[in-house]
Amino acid sequence: MSEVRIKPRQVLVLIIVFLVILLMVHRNGKRTCQGPAYLQAMYAKQQDGELPTIYCVTPTYARPHQKAELTRLSHIFMLLPNLHWVIVEDSETKTNLVRNLLERAGLTQRSTQLNVKTPTAFKLKHNDPNWIKPRGVEQRNLALSWIRTNADAEKHNIVFFMDDDNSYSVELFAEMSKIEPGRVGVWPVGLVGGLMVEKPLLNQETNLVEGFNAAWRPERPFPIDMAGFAISTELLFKYPEAAFSYEVQRGYQESEILRHLTTRSQLQPLANNCRDVLVWHTRTEKTKLTNEEALNKQGKKSDEGMEV
């Protein structure tokens, strides 16, 4: 058998190939995000343990487009490393629809499924015939109770009330992560209150919030949409009485919780000093199911054996 000899040049080529492969593996191991700069910065902070957890509270209830809206929101959680989804169903029991959605999205370990039914009968101390269904009060309060029980009181984290019918930019959560301990962050919300945008108004010299441009009930202490603020958890532990209430008029829920936590001048403006719109108060058109109803009269269903 002839002896196989490896030439020095071949050895050098093998060494170079090995080093190139090693360098590629090293780079790929460090690469955690190829998205925009703000997303890369979030992943870098997550690796360094400097990124606060954002508890996103989503009240939800059964309706034809519920799964579609929750699916849209789930994609945000797939992209971001620091979100924990607290879904609270307006239901007597936890549903398989929500459970299955979380499992298919791979979010079981980064979510909490709760449920509490809105009372069908209650007395309001005010006369507001338009507020027939004060949806979300019971659900958001249950979420706050869960957060106060389960979140680490020694760590700086954030709570955001994330309704399932709004549209959110991923960049909003990068901004939200900048909220300082013991503060409430605020930003503009598009397509709400009869305006193209509702926004905090800042003092040009101090950069502090001195008012709001709200056209609907501007006399409210905090004329702001639920999607327009987030709260550092330090405040929730410091003020355990801060919650939502059936005893306030329609449109005053935001003011009801914020009045316990902060003042206008203490609010932290975000989103390019409240010049960027990163969330929109969109609403899904009510699903028209007239053909489905006709089919049901025949004892049939288009979604027989399916979850839509």
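The values are calculated or read from the model by the stated rules, or taken from the named source; none is laboratory data. Because the structure is a prediction, the values reported are computed rather than measured. So basically every Cβ, Gly included, is an ideal-geometry build from the backbone, and we count neighbours across all protein chains shown. Note: accessible area is taken over every heavy atom of the protein model, side chains too, but ligands, DNA and RNA are not part of it. Shrake-Rupley method; radii C 1.70, N 1.55, O 1.52, S 1.80 Å.
Within the accessible area of the chain, what % is carbon and sulfur when the probe is 1.4 Å and the other protein chains stay in place? Write down the numbers at each step before the final one.
Working: 9340 of 17720 Å².
Here it works out to 53 percent.
Of Gln40, Thr206, Ala68, whose Cα points farthest to the positive end of the dipole of the chain (charges on the beta-carbon: +1 Lys, Arg; -1 Asp, Glu; origin at the Cα centre)?
Result: Gln40, furthest along the dipole toward the positive end.
Just checking my list (i) 1.19; (ii) 1.28; (iii) 1.00 against Cα Rg over 2.2 N^0.38 Å computed from this structure; which label fits?
Working out Cα Rg over 2.2 N^0.38 Å from the coordinates points to (ii).
In debye, nearest 20: dipole of region 175-257 around its Cα centre with unit charges on the Cβ of K, R (+) and D, E (-)? Could you put the intermediate results ahead of the total?
Numbers: 7 positive and 12 negative charges, 24 e Å.
So the dipole magnitude of region 175-257 works out to roughly 120 debye.
What percent does the relative contact order of region 36-176 come to when contacts are Cα pairs within less than 8 Å and at least six residues apart?
Details: 177 pairs, mean separation 49.3, N = 141.
So the answer I get is 35 percent.
Taking the Cα atoms only, what angle lies between the long axis of helix 37-47 and the longest principal axis of the chain, rounded to 10 degrees?
In the chain, helix 37-47 runs at an angle near 80 degrees to the longest axis.
Out of Leu14, Leu201, Leu172, any idea which swings most in a Gaussian network model of the chain, alpha carbons joined below 10 Å?
Leu14
Taking the Cα centre of the chain as origin, work out the dipole magnitude from +1 charges on Lys and Arg Cβ and -1 charges on Asp and Glu Cβ, in debye rounded to 20. Don't skip to the answer; put the middle values down first.
Numbers: 38 positive and 35 negative charges, 159 e Å.
It works out to roughly 760 debye.
Tell me which residues come under 5 Å, amide H to amide H, from Asn115 once H is placed; ignore anything under 5 positions away on its chain.
Glu89
What does the accessible area per residue of region 194-308 come to in Å², with a 1.4 Å probe and no ligands, DNA or RNA counted?
On the way: 6730 Å² over 115 residues.
The answer is 59 Å² per residue.
Which far-off residues, 5 or more places away or on another chain, put their amide H under 5 Å from the one on His84, with H placed in the peptide plane?
For His84, whose amide H was placed from the backbone, the distant partners under 5 Å are Ile54, Tyr55, Cys56.
Pairs Lys45/Lys178; Lys67/Lys117; Lys155/Lys199; Lys199/Lys288: which exceed 23 Å Cα-Cα?
Numbers: Lys45/Lys178 11 Å; Lys67/Lys117 19 Å; Lys155/Lys199 29 Å; Lys199/Lys288 34 Å.
Pairs exceeding 23 Å: Lys155/Lys199; Lys199/Lys288.
Whole-Hz Karplus ³J(HN,Hα) for region 281-293, in order, using 6.51 cos²θ - 1.76 cosθ + 1.60 and θ = phi - 60°, x for Gly and Pro?
Listing the rounded values in order: 7, 7, 9, 6, 4, 4, 5, 8, 10, 5, 5, 5, 5 Hz.
Report ³J(HN,Hα) in whole Hz for each residue of region 210-220, in order, from the Karplus equation J = 6.51 cos²θ - 1.76 cosθ + 1.60 where θ = phi - 60°; Gly and Pro get x.
10, x, 9, 9, 4, 9, 8, 6, x, 6, 4
Suppose R0 equals 30 Å. What FRET efficiency, 1/(1 + (r/R0)^6) with r the Cβ-Cβ distance, do Glu154 and Leu208 give to the nearest 0.05? Working shown, then result.
Numbers: r = 29 Å, r/R0 = 0.96.
It comes to 0.55.
Can you spot the aspartates and glutamates whose alpha carbon is less than 15 Å from Lys297's alpha carbon? Ignore those fewer than 8 places along the same chain.
Leaving aside aspartates and glutamates fewer than 8 places away in the same chain, none come within reach of Lys297.
Mind checking the full-extension length gain between Glu304 and Glu180? Use 0.36 nm per residue of separation minus the Cα-Cα distance, one decimal, nm. Don't skip to the end; give the middle numbers.
Working: separation 124, 0.36 × 124 = 44.64 nm, distance 5.00 nm.
Taking 0.36 nm per residue and subtracting the Cα distance, the gain is 39.6 nm.
Dividing the alpha-carbon Rg of region 33-177 by 2.2 N^0.38 Å yields what? The partial results should precede the final answer.
Numbers: Rg = 16.5 Å, N = 145, 2.2 N^0.38 = 14.6 Å.
Compared with the compact-globule rule of thumb, region 33-177 sits at 1.13.
If the reach is capped at under 15 angstrom between alpha carbons, list the aspartates and glutamates near Lys301, excluding any in the same chain fewer than eight residues apart.
Of all the aspartates and glutamates, those that pass the test against Lys301 - Cα under 15 Å, at least 8 places apart if same chain - are Glu292, Glu293.
Computed FRET efficiency, Cβ-Cβ of Leu19 and Ala44, R0 25 Å: what is it to the nearest 0.05?
For Leu19 and Ala44, the calculated efficiency is 0.45.
Using the Karplus curve 6.51 cos²θ - 1.76 cosθ + 1.60 with θ = phi - 60°, work out ³J(HN,Hα) for each residue of region 237-245 in order, rounded to whole Hz, and write x for Gly and Pro.
Per-residue couplings from phi come out as 6, 6, 10, x, 7, 5, 6, 8, 8 Hz.
For the chain, what does the helix formula give at 222 nm: sum of -39500 (n - 2.57) over DSSP H segments with n ≥ 4, over the residue count, nearest 500 deg cm²/dmol?
Working: 10 runs with 105 residues, N = 308.
Rounded to the nearest 500, the figure is -10000 deg cm²/dmol.
Taking 8 Å as the Cα distance limit and 6 or more residues as the minimum spacing, I'd like the relative contact order of the chain as a percentage. Present the calculation step by step, with values, prior to reporting the outcome.
Working: 469 pairs, mean separation 56.5, N = 308.
Computed value for the chain: 18 percent relative contact order.
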